[in-house]
Amino acid sequence: MDLDPAADRYESEDIKHKRVLVIGCGNVLIGDDGFGPTVIKHLSERSSIPADVGLVDAGTGIRTLLFNIILSESKPERIIVVDAIDVGKKPGEVFEVSLESIPAVKSDDFSMHQLPTSNMLRELRDECKVAVEVIAVQVQSLPEEVRAGLSAPVSEAVAKVHGIICRKLDIPA
């Protein structure tokens, strides 16, 4: 597997009228923070994704994406967010996170963990009736300077999350 997703970034498709969106969050230039986009690239290259499922490499722009979904007349039934989080678990450990327990602040974070993003996810769930799930991996570390590529334990978690998402979508892994 290519450990540098910045070298060949997956281009997100048109997401209008998709029943399910799988959104990978993170900055591929900040080590393990690039986990979400790496999972999206992995899914796009190794799975037969149904036409009603959209894969989105949101990079660091999930807030704009969520804002557009909230304002759109057509909303997905379900959103699965994939991201890297530092909550003190074992590096590479995969876990699901409730919207209420998303860490409020994370060093060097530009994506899901800061307000208003978590508020928008709750609004999509509560007001728009979109099912929202968050699948996360525990980072090993986040570099203080630009360094692309995932750590070994986080890289190993990519295939695991790929399998989890395929099971959730009821498609072959």
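The values are calculated or read from the model by the stated rules, or taken from the named source; none is laboratory data. Predicted model, so just to flag it, every value in this text is computed and none were measured. Positions of Cβ are generated from backbone atoms using ideal geometry, with glycine treated the same way; all protein chains shown enter the neighbour counts.
A compact table of results
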item: Criterion: surrounded by 12 or more Cβ atoms within 10 Å (Cβ to Cβ) and modelled with pLDDT under 85 - qualifying residue of SER111, SER151; result: SER111
item: Close pairs (8 angstrom Cβ cut-off, 6 or more residues apart or separate chains): closer than 17 Å to ARG122 by Cβ in the range 50-70, among the hydrophobic types (A, V, I, L, M, F, W, C) and assigned to a helix (DSSP H, G or I) anywhere; result: ARG63/MET120; LEU66/MET120; LEU66/LEU121; LEU66/LEU124; PHE67/MET120; ILE69/LEU124; ILE70/MET120; ILE70/LEU124
item: Yes/no for VAL132 being in contact (Cβ under 8 Å) with a residue 24 or more places away in the chain, among the hydrophobic types (A, V, I, L, M, F, W, C) and farther than 13 Å from PHE35 by Cα; result: yes
item: One residue from VAL134, VAL146 being farther than 20 Å from VAL20 by Cα and not polar (S, T, N, Q); result: VAL146
item: Qualifying residues in the range 1-49 (those that are within 12 Å of ILE165 (Cβ to Cβ) and out of contact with any strand residue (DSSP E or B) (no Cβ under 7 Å at 6 or more places or on another chain)) - the one modelled with the highest pLDDT; result: HIS42
item: Pair list, Cβ under 8 Å, 6 or more apart: the range 75-95 residue farther than 11 Å from LEU21 by Cα, other residue loosely packed, with under 14 Cβ neighbours inside 10 Å and modelled with pLDDT of 95 or more; result: LYS89/PHE95; GLY92/ALA152
item: Qualifying residue in the range 154-170 (condition: farther than 25 Å from LEU29 by Cβ and aliphatic (A, V, I, L, M)); result: yes
item: Output for the range 159-173, where each listed residue is more than 17 Å from ASP32 (Cβ to Cβ) and either among the β-branched types (Val, Ile, Thr) or not in a helix (DSSP H, G or I) (or both); result: ILE164, ILE165, ASP170, ILE171, PRO172, ALA173
item: Pick from the range 22-33, criterion in a strand (DSSP E or B) and under 10 Å from the mean Cα position of the chain (by Cα), ranking: surrounded by the fewest Cβ atoms within 10 Å (Cβ to Cβ); result: VAL22
item: Subset of the range 47-85 (residues that are surrounded by fewer than 21 Cβ atoms within 10 Å (Cβ to Cβ) and among the charged types (D, E, K, R)); result: ASP52, ARG63, GLU73, LYS75, GLU77, ARG78
item: Single unsatisfied condition, VAL130 versus (1) under 17 Å from GLU77 (Cα atoms); (2) out of contact with any Pro (no Cβ under 9 Å at 6 or more places or on another chain); result: (2)
item: Hits in the range 134-158 - residues which are under 14 Å from the mean Cα position of the chain (by Cα) and in a helix (DSSP H, G or I); result: VAL154, ALA157, VAL158
